[in-house]
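Enquirer: Quick one: this structure, given as structure tokens, is what I'll be asking you about.
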Amino acid sequence: MKAKALFAAAALAAASVLAQAEDYPAKTVTIVVPFPAGGSSDMIGRVLGQKMAEKLKGNFIVENKPGATGAIGAAGVKNSPADGYTLLVSSLAVFVVNPHLQKTLPYDPSKDFDLITVAVQAPNVLVANPQQPVKNVKELIEYLKKNPDKATFASSGAGSSDHLTAELFWQETGTRAIHVPYKGGAPAIQDVIAGHADFSFQNINAVLSQVQAGKLKALAITSARRSPLLPDVPTLTESGVNNAEVYSWQAMAAPKGLPGPVKARIHEAAVSALKDPGVAKQLTDQGFEIVANTPEQFAKFQQQELARWKKVIEAGKITAN
């Protein structure tokens, strides 16, 4: 009798989870973006929320919870119920960089989340003020070697994708420069345009219009191949810099312990949203590449990125301050 009762209880529990998945979402889903409104993560979160709401016939809202390079918002998601009604959309900072920079990080990115999918990735572009006499990467390397710790590289913050790309560039070319962190990409880009900072590695979607308008000069791109949006801009590899292929990326996760059927439903909706022709065109026109991978692929990729940036951060003696 005891075995039968246990079996019946297990069957009821399984049926309940399946019913929960079929009814999902039965209430409002909150997508937490752990950065201010207006950035790449915020944009991807809002695009996903709108299209997933259409596909699942539910209500999705985006809530911005910035602070501590995404750690505050990520910790809030970690501590939320694992029921599918709180999701996280963030850049690589939360998933693979913060553990190497913040000694008292209030979450473990490898253990505290159910990974859903890497949504998109985008290369960075090495940009300069148009008045800069440096015309290409070769000339930039020569200048930096003759003038160590003189040129300034603006970034959207310590430990950001653009900061780490600059550090990797210096390590691979044996050069040195001054890192100038800003509170976000927009002020960093504006200061390069104004000539207050010399160079910056910025997400292609953040600087594409300024490059096309001639407000910024693009010297190289960090992708494996040239971008069709900037066909005349060579890759760093073409420019003689090895091991410097870099992509910024945004991904979706949930609190650890999400019921399997609910996780599958969320993943299916997110991937379907990203592959929607209208969404895909909107994102690729801005320089994003659709990834939309599986949770298993995301987990493997996360471990590779954790190891890669750990090496760069330790070699550059980078801190969060």
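The values are calculated or read from the model by the stated rules, or taken from the named source; none is laboratory data. Computed from a predicted model, the values in this text were never measured in an experiment. Cβ atoms come from the backbone with ideal geometry, glycine included; neighbour counts cover every protein chain shown. Each accessible area value is taken on the protein alone, full model and side chains, heavy atoms only, with ligands, DNA and RNA left out. Shrake-Rupley method; radii C 1.70, N 1.55, O 1.52, S 1.80 Å.
Enquirer: Tell me, please, whether a residue that is within 30 Å of Q102 (Cα to Cα) and not aromatic (F, W, Y) can be found in the stretch 272-286. Before you say what the answer is, go through the steps one by one.
Expert: Within the stretch 272-286, the first condition is being within 30 Å of Q102 (Cα to Cα), and the residues that meet it are none.
Scanning the stretch 272-286, I find no residue that is within 30 Å of Q102 (Cα to Cα) and not aromatic (F, W, Y), so the answer is no.
Enquirer: Give the stretch 94-139 a look and list any residue that's among the hydroxyl-bearing types (S, T, Y) and either touching a residue at least 40 places away in the same chain (Cβ under 8 Å) or assigned to a strand (DSSP E or B) (or both), or say none. Spell out how you get there, then give the answer.
Expert: Here is the first cut: in the stretch 94-139, the residues among the hydroxyl-bearing types (S, T, Y) are 104, 107, 110, 117.
Of everything in the stretch 94-139, those that are among the hydroxyl-bearing types (S, T, Y) and either touching a residue at least 40 places away in the same chain (Cβ under 8 Å) or assigned to a strand (DSSP E or B) (or both) turn out to be S110, T117.
Enquirer: Within the stretch 144-161, is there a residue that is touching a Phe, Trp or Tyr at 6+ places or on another chain (Cβ under 8 Å), in contact (Cβ under 8 Å) with a residue 24 or more places away in the chain and closer than 18 Å to P234 by Cα?
Expert: No, every residue in the stretch 144-161 fails to be touching a Phe, Trp or Tyr at 6+ places or on another chain (Cβ under 8 Å), in contact (Cβ under 8 Å) with a residue 24 or more places away in the chain and closer than 18 Å to P234 by Cα.
Enquirer: Quick check on the stretch 77-93: of everything there that is in a helix (DSSP H, G or I) and in contact with an Asp or Glu (Cβ under 9 Å, 6 or more places away or on another chain), which residue is nearest to R308 (Cα to Cα)? Walk me through how you get there before you give the answer.
Expert: Of the residues in the stretch 77-93, the ones in a helix (DSSP H, G or I) are 77-78, 92-93.
Checking the rest, the ones that are also in contact with an Asp or Glu (Cβ under 9 Å, 6 or more places away or on another chain) come to 77-78, 92.
Working: V77: 25, K78: 24, L92: 12 Å.
The selected residue is L92.
Enquirer: Restricting the stretch 32-71 to residues that are part of a loop (DSSP other than H, G, I, E, B) and among the charged types (D, E, K, R), which is nearest to G257 (Cα to Cα)? Reasoning before the result, please.
Expert: Step one: of the stretch 32-71, the residues part of a loop (DSSP other than H, G, I, E, B) are 34-39, 57-59, 65-67.
Cutting the leftovers down to among the charged types (D, E, K, R) gives us 57, 65.
On the way: K57: 24, K65: 22 Å.
Applying the filter and picking the extreme gives K65.
Enquirer: For S80, are the conditions met, namely being in contact with a Ser or Thr (Cβ under 8 Å, 6 or more places away or on another chain), surrounded by fewer than 18 Cβ atoms within 10 Å (Cβ to Cβ) and either within 30 Å of Q297 (Cα to Cα) or among the aliphatic types (A, V, I, L, M) (or both)?
Expert: Numbers: in contact with a Ser or Thr (Cβ under 8 Å, 6 or more places away or on another chain): yes; surrounded by fewer than 18 Cβ atoms within 10 Å (Cβ to Cβ): yes; either within 30 Å of Q297 (Cα to Cα) or among the aliphatic types (A, V, I, L, M) (or both): yes.
In short, yes.
Table: residues versus (1) modelled with pLDDT of 95 or more; (2) within 14 Å of T165 (Cβ to Cβ); (3) not charged (D, E, K, R).
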residue	(1), (2), (3)
S200	yes, yes, yes
Q210	yes, no, yes
A224	no, no, yes
E238	yes, no, no
N243	no, yes, yes
W249	yes, yes, yes
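Enquirer: Could I ask something else about it? Could you list, in sequence order, the residues of the stretch 173-207 that are of a type in the set (G, A, S) and assigned to a helix (DSSP H, G or I)? Step through it out loud before you land on a result.
Expert: Initial filter on the stretch 173-207 (of a type in the set (G, A, S)): 174, 177, 184-186, 188, 194-195, 197, 200, 206.
Of everything in the stretch 173-207, those that are of a type in the set (G, A, S) and assigned to a helix (DSSP H, G or I) turn out to be G185, A186, A188, A194, A206.
Enquirer: Further, regarding this structure: Checking G287 against (1) under 24 Å from K78 (Cα atoms); (2) touching a residue at least 12 places away in the same chain (Cβ under 8 Å), which single condition isn't satisfied?
Expert: Looking at each condition in turn, G287 falls short on (1).
Enquirer: Before we move on, is P99 under 30 Å from A264 (Cα atoms) and open to solvent by less than 10 Å² (accessible area, probe 1.4 Å)? Can you show your working first?
Expert: On the way: under 30 Å from A264 (Cα atoms): yes; open to solvent by less than 10 Å² (accessible area, probe 1.4 Å): no.
Considered against the rule, which asks whether it is under 30 Å from A264 (Cα atoms) and open to solvent by less than 10 Å² (accessible area, probe 1.4 Å), P99 comes out as no.
Enquirer: Is it true that some residue in the stretch 53-67 is surrounded by fewer than 20 Cβ atoms within 10 Å (Cβ to Cβ), of a type in the set (F, W, Y) and farther than 21 Å from F301 by Cα?
Expert: The answer is no; no qualifying residue exists.
Enquirer: Here's a check for you: in the stretch 161-187, which residue that is crowded, with 24+ Cβ neighbours inside 10 Å and either among the charged types (D, E, K, R) or touching a Pro at 6+ places or on another chain (Cβ under 8 Å) (or both) is nearest to G38 (Cα to Cα)?
Expert: Checked the stretch 161-187; the qualifying residue nearest to G38 (Cα to Cα) is D162.
Enquirer: List pairs: first in the stretch 57-76 and among the polar types (S, T, N, Q), second open to solvent by 30 Å² or more (accessible area, probe 1.4 Å), Cβ under 9 Å, 6+ apart or cross-chain?
Expert: Final answer for the pair search is N59/K27; N59/T28; N64/F35; N64/P36; N64/A37; T69/F35; T69/Q102; T69/A320.
Enquirer: Under 15 Å from K183 (Cβ atoms), open to solvent by less than 50 Å² (accessible area, probe 1.4 Å) and in a helix (DSSP H, G or I), is that true of A74? Steps first, answer last, please.
Expert: Numbers: under 15 Å from K183 (Cβ atoms): no; open to solvent by less than 50 Å² (accessible area, probe 1.4 Å): yes; in a helix (DSSP H, G or I): yes.
Against the criterion (under 15 Å from K183 (Cβ atoms), open to solvent by less than 50 Å² (accessible area, probe 1.4 Å) and in a helix (DSSP H, G or I)), A74 does not qualify.
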